[in-house]
Amino acid sequence: MTGAGTNTYLLGDKEIAVLDPGPAITEHIDAILEAGAGRIKWIVCTHTHPDHSPAWQALHQATGAEVLGALPADDMFQDDTFRPSWKVTHDDVLATDEFTLRAVHTPGHVSNHYCFYLEEERMMFAGDHIMNGSTVVIIPPSGDMKAYIESLQLLLRYDLRLIAPGHGEVMEDSRAVVEWLVNHRLKRESKVIKGLRTTGRAGLDTLVKVVYDDVDESLHEMAKLSMSAHLIKLHQENRALQHSEDLTWELVQI
């Protein structure tokens, strides 16, 4: 699920912020400490999934660095050890003599997700909000498709030059990347609506074959998770409803 692994970024020269310290793997932690060479002053986490934050504790114990991020979200896939000394909120700024890092609240992948905008470089550190090489799986209930699309649209308000994802290489032409992702999600939502019109009242097993007819069937179990997130978004907007007795879905007739 992490591709080539989780990216850890070191920002600054004289004083360093470690962004997304990653999993608590000894070799990885040692590499960060060696690269930081006694200059690590801050540890910043985009969110608390187990591939992004657990190394914070060993780094903090070794360096005394201030820890920035949001408390773990209320779901089963969290680093419950995470205890930030600075509980960030939207638009908080870490300002140093070398760089300015602004917190951007981007719920969707999970409710406690933050991107961080490096103002001098016009670079957005995107965590799991945006990946290079694949789209992000939105898994309810912690994942929220409506919040995710709105959070993507929020990024377009920033003067973006580069996106530094939690997984994959740095991406240029950032506005085009974000716009493509928004359009991709809305096109899939349109397929969900069209699929429900085709099937009528239907369960996920039936609907996924119509909505994800362009995806190999071996991936349909994973696809049902994102499709559920789309259906919940439509329900939030009073465009679809779920029948509790058999968990089928249908469009709201207007």
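None of the figures in this text is laboratory data; all of them are computed from the coordinates on show. The structure displayed is predicted, hence computed values, not measured ones. Backbone-built Cβ (ideal geometry, glycine too); neighbour counts: all protein chains shown.
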Worksheet item: Given +1 on the Cβ of Lys and Arg, -1 on the Cβ of Asp and Glu, and no further charges, what dipole in debye does the chain carry about its Cα centre, rounded to the nearest 20?
Response: 860
Item to complete: Under 26 Å between C-alpha atoms is the cut-off here; go through the chain and count lysine pairs that meet it, provided they're at least eight residues apart or on different chains.
Response: 22
Fill in: Distance from the stretch 37-56 to the stretch 138-213 (C-alpha centre basis), Å
27
Worksheet, complete the sentence: For mean projected area of the Cα convex hull in nm², with candidates (1) 17.3; (2) 13.6; (3) 14.4, the value calculated from the shown model is option (3)
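To the nearest 500 deg cm²/dmol, what mean residue ellipticity at 222 nm is calculated for the chain from DSSP H runs of n ≥ 4 alone, each contributing -39,500 (n - 2.57), summed and divided by the residues?
Calculated from helices alone, the mean residue ellipticity at 222 nm is -10000 deg cm²/dmol.
Could you calculate the contour length gain from residue 214 to residue 13, that is, 0.36 nm times the residue separation minus the distance between their Cα atoms, to one decimal place in nm? Display every interim value, and only then the final one.
Details: separation 201, 0.36 × 201 = 72.36 nm, distance 4.68 nm.
Gain on stretching residue 214 to residue 13: 67.7 nm.
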